[in-house]
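Peer 1: After the structure tokens below, expect a handful of questions from me.
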Amino acid sequence: MLVLKSNLKRRKCVKFTSLVILLSCALLWPAKGWSQSPPAKFTTNLFNIEKAANETFRYNATLKSNTNVEQKYDLKADVPAGWRTSFKVRGSNITSILLEGNKTESISIELIPVYNCKPGTYEIPVTASSETDTLSFDLEAVVKGSYEVQLTTPSGRLSGDVVEGKTMQITLKVKNSGSLPLNKLNLTSRTPSKWQASFSPESIESLEPDESVDVSVSLSVPEKTLPGDYISSFTVKNSETKGSADYRVTVETSVLAGWIGVLVILVAIGIIFFLIRKFGRR
């Protein structure tokens with residue numbers, strides 16, 4: 001009998017202890033937040049984008065509230081030095097957003113690399129922080145380099161003078177201003193009617209980054225072209241990129257034509273004077 005009573009007491013003690021543990025867990029669980037969902041979620045489906053260094057990286061994120069409380073979230077992207085970033089909601093630039101309770105907002109994130117950014121993979125941490133919590137995820141911007149070509153003159157001057165009926169020589173400078181090699185660059189022109197332009201060389205097989213090549217242009221102006229300013233456009237391009245330059249040409253009358261014009265005027269004045277003297281006496 002004593003053994004039976006002892007076993008009963010022991011079982012009651014075990015049950016009581018188990019009940020205390022269960023009640024403690026039930027009380028502590030909400031306090032620690034184990035049964036509570038996060039107040040908000042900040043996510044993106046597409047986090048890895050590959051583009052050239054001179055293009056804009058665009059991502060779409062979603063900020064979702066799981067509570068009835070309105071919260072203000074400050075938005076930030078930790079970009080490398082020189083990069084630019086912007087957050088947009090419905091086409092407007094923002095730096096923070098007031099998220100209503102149980103609402104979802106789509107946020108567009110734009111990352112613009114620094115000029116001539118080196119190729120590589122860049123991790124960009126993005127955060128949305130409020131007074132109560134901080135939400136974050138990482139974006140990946142894979143920079144593959146850029147194709148870019150610049151067309152100008154060695155001096156930077158894009159104007160010159162020529163006498164009608166003559167040919168002028170223009171030196172153009174073709175420069176690879178991107179971060180990737182350029183191949184098979186072709187040169188073309190758009191000139192006034194009956195003008196002619198020829199290039200030497202007519203094409204460039206390859207051009208490394210920061211490398212430049214001088215191209216000679218022979219621009220022929222037809223005779224009897226009226227004096228004035230004319231625009232000739234030159235273009236260099238391949239399948240990846242192109243560059244252009246407008247060159248202003250001032251056409252002048254030749255010295256011989258000028259003397260002939262003066263002579264014609266003098267002859268006309270002489271004829272008029274002769275006619276006045278001859279018929280004026282009558």
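The values are calculated or read from the model by the stated rules, or taken from the named source; none is laboratory data. Here the structure is a predicted model, which is why all the values come from computation and not from measurement. Glycine gets a Cβ as well: all are built from the backbone with ideal geometry, and neighbour counts include every protein chain shown. Note: accessible area is taken over every heavy atom of the protein model, side chains too, but ligands, DNA and RNA are not part of it. Shrake-Rupley method; radii C 1.70, N 1.55, O 1.52, S 1.80 Å.
Peer 1: Which is among the β-branched types (Val, Ile, Thr) and more than 21 Å from residue 40 (Cα to Cα), of 89, 69, 126, 79? Steps first, answer last, please.
Peer 2: On the way: 89 fails: more than 21 Å from residue 40 (Cα to Cα); 69 fails: more than 21 Å from residue 40 (Cα to Cα); 126 fails: more than 21 Å from residue 40 (Cα to Cα).
Checking each option against the conditions leaves just 79.
Peer 1: Next question, about the same structure. Would you please list the contacts, defined by Cβ atoms under 9 Å and residues six or more apart or on different chains, that run from a residue in segment 151-166 that is open to solvent by 60 Å² or more (accessible area, probe 1.4 Å) to a residue that is of a type in the set (A, V, I, L, M, F, W, C) and part of a loop (DSSP other than H, G, I, E, B)?
Peer 2: Here the result reads 166/221, each pair linking segment 151-166 to a residue that is of a type in the set (A, V, I, L, M, F, W, C) and part of a loop (DSSP other than H, G, I, E, B).
Peer 1: Just one of the numbered conditions (1) part of a strand (DSSP E or B); (2) at pLDDT below 95; (3) loosely packed, with under 14 Cβ neighbours inside 10 Å is not true of residue 93; which one?
Peer 2: Result: residue 93 fails condition (2) only.
Peer 1: Still on this model: Quick check on segment 225-241: of everything there that is under 16 Å from residue 168 (Cα atoms), in contact (Cβ under 8 Å) with a residue 60 or more places away in the chain and of a type outside the set (S, T, N, Q), which residue is surrounded by the fewest Cβ atoms within 10 Å (Cβ to Cβ)? Walk me through it before giving the result.
Peer 2: Restricting attention to segment 225-241, the residues satisfying the condition of being under 16 Å from residue 168 (Cα atoms) are 225, 227-234.
Applying the additional criterion that residues be in contact (Cβ under 8 Å) with a residue 60 or more places away in the chain yields 225, 227, 234.
Filter once more, keeping what is of a type outside the set (S, T, N, Q): 227, 234.
Working: 227: 11, 234: 25.
It comes out as 227.
Peer 1: Exactly one of these conditions fails for residue 111: (1) more than 18 Å from the chain's Cα centre (by Cα); (2) assigned to a strand (DSSP E or B). Give me its number.
Peer 2: That leaves (1) as the condition not met.
Peer 1: Taking segment 126-146, which residues are more than 20 Å from residue 65 (Cα to Cα), touching a Leu at 6+ places or on another chain (Cβ under 6 Å) and crowded, with 21+ Cβ neighbours inside 10 Å?
Peer 2: Listed by number, the list holds a single entry, 141.
Residue-wise test of (1) among the hydroxyl-bearing types (Ser, Thr, Tyr); (2) in a strand (DSSP E or B); (3) farther than 30 Å from residue 41 by Cα; (4) within 25 Å of the chain's Cα centre (by Cα).
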{"residue": "116", "(1), (2), (3), (4)": "no, no, yes, yes"}
{"residue": "132", "(1), (2), (3), (4)": "yes, no, no, no"}
{"residue": "136", "(1), (2), (3), (4)": "yes, yes, no, no"}
{"residue": "150", "(1), (2), (3), (4)": "no, yes, yes, yes"}
{"residue": "155", "(1), (2), (3), (4)": "yes, no, yes, no"}
{"residue": "160", "(1), (2), (3), (4)": "no, yes, yes, no"}
{"residue": "168", "(1), (2), (3), (4)": "no, yes, yes, no"}
{"residue": "173", "(1), (2), (3), (4)": "no, yes, yes, yes"}
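Peer 1: For segment 229-252, indicate whether the set of residues that are at positive phi and under 22 Å from the mean Cα position of the chain (by Cα) is non-empty. It would help to see each step written out before you state the result.
Peer 2: Here is the first cut: in segment 229-252, the ones at positive phi are none.
Checking segment 229-252: not a single residue is at positive phi and under 22 Å from the mean Cα position of the chain (by Cα).
Peer 1: May I pose another question? Considering only segment 70-83, state which residues are open to solvent by 40 Å² or more (accessible area, probe 1.4 Å) and closer than 11 Å to residue 109 by Cα.
Peer 2: Passing the criteria: only 76.
Peer 1: Right, another one. Just to check your reading of the model, which residue among 62, 44, 67 is over 38 Å from the mean Cα position of the chain (by Cα) and either under 22 Å from residue 134 (Cα atoms) or at pLDDT 95 or above (or both)? Before the answer, list the steps.
Peer 2: Numbers: 62 fails: over 38 Å from the mean Cα position of the chain (by Cα); 44 fails: over 38 Å from the mean Cα position of the chain (by Cα).
Every option except 67 fails the conditions.
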